[in-house]
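*Asks:* After the structure tokens below, expect a handful of questions from me.
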Amino acid sequence: MRKITKQLLVLILFTVSIKQFAQTTNGTGLPGDDLIFYEDMRYTTGVSGFEVTISEATLTPSGNSSIPADGLTAGEIGYIRPDNNYPAGDVRDNRSLRIQANDGSANYDTDVWVVVNSIDLSSYDSGSKFFTFSTRTTFREDGGANLDTDTSVLYATDFVTGTDPTTVTWTPITTTPVADSAEMGADGVWTTQTVDLSEITCGTQFAIAIRRQSSANGPVGGAFDSGTNRNGTFNISDLTYTGSTTPLLSVNKPFLVDGISLYPNPVKNQLNIRSLNPNIIIKNVHLIDITGKTIYKSGFNEVINVSRFSKGIYILKLEDIKGNLLTKKIILN
């Protein structure tokens, strides 16, 4: 456990408080029955947003940066974005927080903490709860020689919204990805990370902090340009809590991801589902539309005729005989 080193804090602020009863049906395709919270990271506008608190900084962090208007469509993210921030209610504005750790040819040491307001998750402590966020890194293409573990996720169970987060003890969630790799969007593609909070007793004042660090040390012998930029530009958006009041089993575990083949995707007529692992026995198949409605439900079939459904983005949810779940985004064209 650690205290925040005072460098630069980005504190999420909302005029709508996040209460225990704030929940709606989860139609995102992320794990959990309920959508508890969603924020698109608009910058101090509308009824939700964030403010920047600077303790020590050479550069002022940037605010808005657009993300694709039709959602995070690049890559296999398996996620349908809500139309509105929740529970704030304002329309999603396709924005993100942009952290830039260079100025021309100069790279800077940075320590940025994105602290999300506390949320009451106590009703989910006997069930399952998840935190999801989306990231992208651009202009950091020095061949990987200087990529370090500079993105981490931490939590606190006693953070009171509106108080100083540097006085709170933050505990790392060690199971999350921390490397600035393609999995964290270092190839310039938006990617989504889901953190399983089910083993944590979150209580009534649970908070997440995403910490981003960078170094002033540039590539050996390299001048700054788009190919050797040490730090690059880092974006964060789409902060989401989902959960179920009853426990869920494994969701999108590697043995499921690697052991099931879905093709073609995008698909026009027939979607093929194949189990590549004899130990994975699929029990149920659900196809969910963008509104969260289940439009197809059956036992396991290796071929699904999707030609009768409208074009668009869907979530395919597979459940095996042990209750493990796999969710994948499917595009019908």
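*Asks:* Go over the candidates VAL112, VAL189, VAL178, VAL168 one by one and state the one that is under 20 Å from the mean Cα position of the chain (by Cα), farther than 16 Å from PHE37 by Cβ and at pLDDT 80 or above. Let's see the steps before the verdict.
*Replies:* On the way: VAL189 fails: at pLDDT 80 or above; VAL178 fails: at pLDDT 80 or above; VAL168 fails: under 20 Å from the mean Cα position of the chain (by Cα).
Just one listed residue meets the conditions, VAL112.
*Asks:* Which one is modelled with the lowest pLDDT among residues in the range 89-109 that are aliphatic (A, V, I, L, M) and surrounded by 22 or more Cβ atoms within 10 Å (Cβ to Cβ)?
*Replies:* Looking at the filtered set, the residue picked out is ALA101.
*Asks:* In the range 195-220, which residues are modelled with pLDDT of 80 or more and in a strand (DSSP E or B)?
*Replies:* Taking the range 195-220 as the starting set, the residues that turn out to be modelled with pLDDT of 80 or more are 195-212.
VAL195, ASP196, PHE206, ALA207, ILE208, ALA209, ILE210, ARG211, ARG212 - these are the residues of the range 195-220 that are modelled with pLDDT of 80 or more and in a strand (DSSP E or B).
*Asks:* With the condition kept exactly as written, say whether any residue in the range 290-303 is surrounded by 12 or more Cβ atoms within 10 Å (Cβ to Cβ), closer than 16 Å to LEU30 by Cβ and touching a residue at least 60 places away in the same chain (Cβ under 8 Å).
*Replies:* yes
*Asks:* Of everything in the range 229-257 that's of a type in the set (A, V, I, L, M) and surrounded by 15 or more Cβ atoms within 10 Å (Cβ to Cβ), which residue is modelled with the lowest pLDDT?
*Replies:* VAL251
*Asks:* Something else now. Which ones in the range 311-333 are among the aliphatic types (A, V, I, L, M), surrounded by 21 or more Cβ atoms within 10 Å (Cβ to Cβ) and more than 21 Å from PRO82 (Cα to Cα)?
*Replies:* Kept after step one, since they are among the aliphatic types (A, V, I, L, M), are these residues of the range 311-333: 313, 315-316, 318, 321, 325-326, 330-332.
Remaining after also requiring surrounded by 21 or more Cβ atoms within 10 Å (Cβ to Cβ): 315-316, 318, 326, 330.
Of everything in the range 311-333, just one residue is among the aliphatic types (A, V, I, L, M), surrounded by 21 or more Cβ atoms within 10 Å (Cβ to Cβ) and more than 21 Å from PRO82 (Cα to Cα), namely LEU318.
*Asks:* Which condition from (1) closer than 30 Å to ALA88 by Cβ; (2) modelled with pLDDT of 80 or more; (3) surrounded by 16 or more Cβ atoms within 10 Å (Cβ to Cβ) is the one that ILE260 breaks?
*Replies:* (1)
*Asks:* Can you tell me how many residues within the range 117-132 are under 16 Å from LEU239 (Cβ atoms) and part of a strand (DSSP E or B)?
*Replies:* Residues in the range 117-132 being under 16 Å from LEU239 (Cβ atoms) and part of a strand (DSSP E or B): 5 in total.
*Asks:* Would you tally the residues in the range 304-329 being assigned to a strand (DSSP E or B), of a type in the set (S, T, N, Q) and closer than 15 Å to ASP258 by Cα?
*Replies:* 1
*Asks:* Do we have ALA223 as among the aliphatic types (A, V, I, L, M), touching a Phe, Trp or Tyr at 6+ places or on another chain (Cβ under 7 Å), modelled with pLDDT under 75 and more than 30 Å from THR28 (Cα to Cα) here?
*Replies:* no
*Asks:* Scan the range 289-303 residue by residue and report those that are assigned to a strand (DSSP E or B), within 29 Å of the chain's Cα centre (by Cα) and not aromatic (Phe, Trp, Tyr).
*Replies:* THR294, ILE295, LYS297 - these are the residues of the range 289-303 that are assigned to a strand (DSSP E or B), within 29 Å of the chain's Cα centre (by Cα) and not aromatic (Phe, Trp, Tyr).
The values are calculated or read from the model by the stated rules, or taken from the named source; none is laboratory data. These figures come from a predicted structure and were not determined experimentally. Every residue, glycine among them, receives a Cβ derived from its backbone with ideal geometry; neighbour counts consider all protein chains shown.
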